[in-house]
Structures are given as structure tokens and as C-alpha cells.
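Participant: I have a structure I would like to understand better, so I am pasting it below and will then ask my questions one at a time.
The values are calculated or read from the model by the stated rules, or taken from the named source; none is laboratory data. For clarity, every value in this text was computed on a predicted model and none was experimentally measured. Neighbour counts are summed over all protein chains in view; Cβ atoms, including those assigned to glycine, are modelled from backbone coordinates with ideal geometry.
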Ligand code: ADP
Ligand code: MG
């Protein structure tokens, strides 16, 4: 059974590697992408069939491991643009409970972090990764106790940094992906220094995806500091 599983993952990785980015520009539906059976099922059950522009333009590149600066206005579907690659990239590496935090998603507010978490639970329903929220307000000790077993961690900047400073069980040494979501709002809220501290303490060889509704100078500055040879994707159209 394990060999079968391994073969499936290898097939999937090969398909992603062979993916021609020019071809993917013509894709319209999620089922045209080389996604795992479980993610495809989670998407379908959540009634996600057609991709939005930002999803079509970023998911293939992100699946291939590129760093991305994605700009698209509010409501254009940026959440799935990073959640699908997060799940799939960890799957490609057969990530498991002992590997620690594989992906870190930073959201500006508790509300947005919770929303992202809920979407992740929905589309990731058939995957086995453990997901967790660190958003403040909640019991710190409760978060600290669970944090060592989490694969996909979603948090707000202040609380995340607090855990990085104080929670011995939070190990980010293996981190594969960093997502900075709603980066313009994170910066508007005055979290520049907090983000710099967080990013400065993460393994540099990770993949980073930065999403923003607007392309401001401060977003560009953050991108320069946190991304490596990023692909710039900007869409203006509606869903
Ligand atoms: P953004 O982060 O760009 O503001 P969201 O990711 O929050 O946008 O998505 C906005 C809304 O669009 C959500 O209600 C989400 O469920 C919906 N949505 C996202 N992608 C799709 C899609 N491919 N098909 C249908 N609805 C979608
Ligand atoms: Mg969003």
C-alpha cells in the first residue's frame, strides 16, 4: 500500500514538473490542473469548479515552487490561489505529522485568519495534514500545547512572533512555504517590524507567496526582502 502511495505522489510530481506554463494560461477549471485526488475532491465538494484569473495565473507557478507576488483586488479568490499550492506542495513531499510546520500563513487579522482556516478545512477535508490557528485572544497555553504537532499554521503577526520567541515546541526549521496574505493590510496595520522579525528567523531556502489587493511601495519593499526571484502576477478583472 505504501509503495502504491509513493508511486501516486511521484506521478503527481512528474505531472507538475511537465506542466507547461504557457498551456496553463488557457485553463479554465481546477480539474485541468495536476492536483491530488483528495484536493480535487475537496474542491468539487466545496463547489469550486472554475478558476478565477488570479488562481489560473498563480497556482501552476506556485505548484512548481516559484516565489510569487500576486496582486488582485479583494474578492478575486486569492485564498485558494495559495491554499491549493500549500496542500499540494506538502503532499508532493509526503509531509507527515513528525515533520513539523511545513507551511506558515500570515494574515493581518484574527477574522481573516479564521476565514482562511475554514477554507483550508473545507478543501483539505480529505487530506491528513494538521492545521492550526495562532491568533491571540485565545488561550496562549492552549495554542502552545498544540503548536508542536501542526503542519499548516495560520496566524496573525503579533501572536506568531510571540510563539516564535516563547514556545519551545514551535519548530520552523523545516518550513517549506511562507504565505504573506493581504500584505498591504498587514503593513497598513503597522506590522512591518513584526514581519521582518518573523521572516528573518525563517529558513531562507523556503518558497514564499505574497498576496496583496494593492501594489504599494511598501508592499514592493516587503517583496524585495522576503521573496527570491519572484514572478509578478497582477490581475485586474472580476471573477
Ligand atoms: P480575496 O482574498 O481575493 O479577497 P477570497 O479568496 O476571499 O478573495 O474569495 C472571495 C470569494 O470568492 C469567497 O467567497 C470565495 O469562496 C469565492 N471564490 C474564490 N474562488 C472561487 C472560485 N474559483 N469559484 C467560485 N467562488 C470562488
Ligand atoms: Mg484574501
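Participant: Residue by residue through the stretch 207-232, note down the ones that are in contact with a strand residue (DSSP E or B) (Cβ under 6 Å, 6 or more places away or on another chain) and surrounded by 20 or more Cβ atoms within 10 Å (Cβ to Cβ).
Facilitator: Once the filter is applied, which keeps residues that are in contact with a strand residue (DSSP E or B) (Cβ under 6 Å, 6 or more places away or on another chain) and surrounded by 20 or more Cβ atoms within 10 Å (Cβ to Cβ), the stretch 207-232 yields 207, 208, 209, 210, 211, 212, 219, 223, 226, 227.
Participant: Only one residue in 154, 114 is touching a helix residue (DSSP H, G or I) at 6+ places or on another chain (Cβ under 6 Å) and either without any contact (Cβ under 8 Å) to a residue 24 or more places away in the chain or in a strand (DSSP E or B) (or both), so which one is that?
Facilitator: Going through 154, 114 in turn, just one is touching a helix residue (DSSP H, G or I) at 6+ places or on another chain (Cβ under 6 Å) and either without any contact (Cβ under 8 Å) to a residue 24 or more places away in the chain or in a strand (DSSP E or B) (or both): 154.
Matching residues to (1) in a helix (DSSP H, G or I); (2) surrounded by 21 or more Cβ atoms within 10 Å (Cβ to Cβ):
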site: 95; (1), (2): no, yes
site: 98; (1), (2): yes, no
site: 119; (1), (2): yes, no
site: 128; (1), (2): no, no
site: 145; (1), (2): yes, no
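Participant: Any residue in the stretch 179-187 that is farther than 26 Å from residue 56 by Cβ and either outside any loop (DSSP other than H, G, I, E, B) or within 16 Å of ligand 2 (Cβ to nearest atom) (or both)?
Facilitator: Let us first name the residues in the stretch 179-187 that are farther than 26 Å from residue 56 by Cβ, namely 187.
With either outside any loop (DSSP other than H, G, I, E, B) or within 16 Å of ligand 2 (Cβ to nearest atom) (or both) added as a condition, the list becomes 187.
Yes, the stretch 179-187 contains at least one residue that is farther than 26 Å from residue 56 by Cβ and either outside any loop (DSSP other than H, G, I, E, B) or within 16 Å of ligand 2 (Cβ to nearest atom) (or both).
Participant: Among the residues of the stretch 48-57, are any within 14 Å of ligand 2 (Cβ to nearest atom), within 18 Å of residue 219 (Cβ to Cβ) and touching a strand residue (DSSP E or B) at 6+ places or on another chain (Cβ under 7 Å)?
Facilitator: yes
Participant: Let me spell it out: the conditions are (1) over 26 Å from residue 153 (Cα atoms); (2) at pLDDT 95 or above, and residue 4 meets all of them except one. Which number is the exception?
Facilitator: (2)
Participant: Just to be sure before I move on: is residue 237 modelled with pLDDT of 95 or more and either part of a loop (DSSP other than H, G, I, E, B) or touching a strand residue (DSSP E or B) at 6+ places or on another chain (Cβ under 8 Å) (or both) in the structure I sent?
Facilitator: Numbers: modelled with pLDDT of 95 or more: no; either part of a loop (DSSP other than H, G, I, E, B) or touching a strand residue (DSSP E or B) at 6+ places or on another chain (Cβ under 8 Å) (or both): yes.
When the stated conditions are applied, residue 237 does not pass them.
Participant: Among the numbered conditions (1) closer than 28 Å to residue 198 by Cβ; (2) away from ligand 1 (no atom under 12 Å from the Cβ); (3) surrounded by fewer than 23 Cβ atoms within 10 Å (Cβ to Cβ), tell me where residue 87 comes up short.
Facilitator: With (1) closer than 28 Å to residue 198 by Cβ; (2) away from ligand 1 (no atom under 12 Å from the Cβ); (3) surrounded by fewer than 23 Cβ atoms within 10 Å (Cβ to Cβ) applied to residue 87, the lone miss is (3).
Participant: A follow-up question, please. What is the number of the single condition among (1) more than 10 Å from ligand 1 (Cβ to nearest atom); (2) in contact with a helix residue (DSSP H, G or I) (Cβ under 9 Å, 6 or more places away or on another chain); (3) touching a residue at least 12 places away in the same chain (Cβ under 8 Å) that residue 72 does not meet?
Facilitator: In the conditions (1) more than 10 Å from ligand 1 (Cβ to nearest atom); (2) in contact with a helix residue (DSSP H, G or I) (Cβ under 9 Å, 6 or more places away or on another chain); (3) touching a residue at least 12 places away in the same chain (Cβ under 8 Å), residue 72 misses (1) alone.
Participant: In the stretch 205-219, what count of residues is obtained for those that are within 19 Å of the chain's Cα centre (by Cα) and either more than 21 Å from residue 63 (Cα to Cα) or within 16 Å of ligand 2 (Cβ to nearest atom) (or both)?
Facilitator: Of the residues in the stretch 205-219, 7 are within 19 Å of the chain's Cα centre (by Cα) and either more than 21 Å from residue 63 (Cα to Cα) or within 16 Å of ligand 2 (Cβ to nearest atom) (or both).
Participant: When you look at residue 65, is it more than 16 Å from ligand 2 (Cβ to nearest atom) and buried (at least 16 other Cβ atoms within 10 Å of the Cβ), yes or no?
Facilitator: No.
Participant: While we're on this one: Would you mind finding the one in 190, 200 that is more than 16 Å from ligand 2 (Cβ to nearest atom), over 19 Å from the mean Cα position of the chain (by Cα) and modelled with pLDDT of 95 or more?
Facilitator: Going through 190, 200 in turn, the sole match is 190.
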